[in-house]
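Data first, discussion second: the structure below is written as C-alpha cells.
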C-alpha cells in the first residue's frame, strides 16, 4: 500500500520517516512540498490510497481526480477548514482526524497570548526595537474572570493553568460538561462577566461566525479576546470595529479567516492586537504525538485492507 504526505514540512517529515520505518515497514510513503497547491495533488498522489494532509485544501473536485484515493489522514481536528468530509465520503474517501495531540501546546499558547495582551508586550517590543521607551500599565490577571467558549480538551487545560494563576474560570459549552473549578454559565452571562474571552470551538456550520456582531456588543467593555481555535468562528470585520471603538480592549489571535493573514490587513494596523501565525499547536512534543497518531491511523487502514 502507498501513502503520500502531501504537504510535509521538514520537521514533520523527519518524524514521519522514522516512525513509518519502525512501525509500518511495508507501507511505501512519499512526501510532497510544504507549499504544494491543490491542483498538484492528483499528480503527487499518483494512485496512492492514503493521503496525509497538514494544511492544504483538498476541494472535492480535486479529490475526485485522485484515482485510488480511499483515506485522508488530516493532521488535526479542523478538517472542515480544508475539505468537505461528507462530500468526500460520497466519493468513497474516508477522512480521519487526529484529536488531542496538541491540547497542552495550544493551551499554553492561549495563556501566553492572554499574558501578552494583558501586559501589552507586543507594543512595548515594537517600540523598543524602534528606539522608543514605551511603558505600559498592564492588567493583573489574578482575580479576573476568564470565559471559555467551548470546554473540550484544550479549554480544560487552559482552565487548569488559569486557575493556577488565580483566575476565576467560567465556561459555555454546547453540551453539559463538568470540569473541576469551572462554572458552566449561559453564553450571555459569560460575555457580560468575563474580563477575557477565549474561543475553543470546532468550526462547523453551527459555530461559523459564532462571535457575531451582537455577541461582541454583549461583551464586557474592554475585555480581552483570545482565539487559538479557528478564525471563522468570529465576525472579523466586527472584531476590527470593536477594537477601534474599545469595546474589545485587546485581541490576541493565532487564527484568521484568511491564512496567511494578507499584508496590510486591518488587524495588522491596530496597536491593541497581538498576532501569531497559527502556531499554537507547534511544539516538538505535539509534533511527535501528531505523527504517532497519523501512523496509528495508517496501521488500522493497512490492517483493514490485509
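Readers should treat all values here as calculations from the given coordinates under stated rules, not as data from a laboratory. Values in this document were obtained by computation on a predicted structure and should not be read as measured data. Positions of Cβ are backbone-derived with ideal geometry, glycine not excepted, and every protein chain shown enters the neighbour counts.
Quick notes on this structure:
- Descending by average beta-carbon neighbour count within 10 Å, the peptides 259-266, 283-290 line up as 283-290, 259-266, the highest first.
- For the pair the stretch 146-184 / the stretch 223-251, the C-alpha centres are spaced 20 Å from each other.
- Shape analysis of the stretch 190-306 yields a ratio of the Cα radius of gyration to the Kirkwood radius, Rg/Rh, of 1.11.
- Expected-Rg normalisation [2.2 N^0.38 Å, Cα atoms] applied to the stretch 103-275: 0.98
- Distance histogram for the stretch 88-190 (every C-alpha pair counted, 10 angstrom bins, percent rounded to whole numbers): 14, 33, 26, 17, 8, 2, 0
- Likely footprinting exposure, 55, 109, 200, fewest C-beta neighbours within 10 Å first: 55, 109, 200
- Choice from 43, 159, 238 showing the highest fluctuation, given a GNM over the chain with Cα pairs closer than 10 Å: 43
- Computed [θ] at 222 nm, helices only, for the chain once each DSSP H run of length n ≥ 4 contributes -39500 (n - 2.57): -10500 deg cm²/dmol
- Applying 1/(1 + (r/R0)^6) with r as the Cβ-Cβ distance of residue 60 and residue 132 and R0 = 45 angstrom yields a FRET efficiency of 0.30.
- Segment residue 165-residue 67, extension gain: residue separation times 0.36 nm, minus the distance between their alpha carbons: 30.0 nm
- Added length on full extension, which subtracts the Cα-Cα distance from 0.36 nm per residue, residue 304 to residue 40: 92.2 nm
- A simple packing score, the average count of other Cβ atoms within 10 Å per residue, orders the peptides 181-188, 7-14 as 7-14, 181-188, with the highest score first.
- Taking only the alpha carbons of the chain, we obtain Rg and Dmax values of 20.9, 66 Å in that order.
- Directionally averaged shadow of the stretch 18-172, computed from the convex hull of its alpha-carbon atoms, nm²: 13.6 nm²
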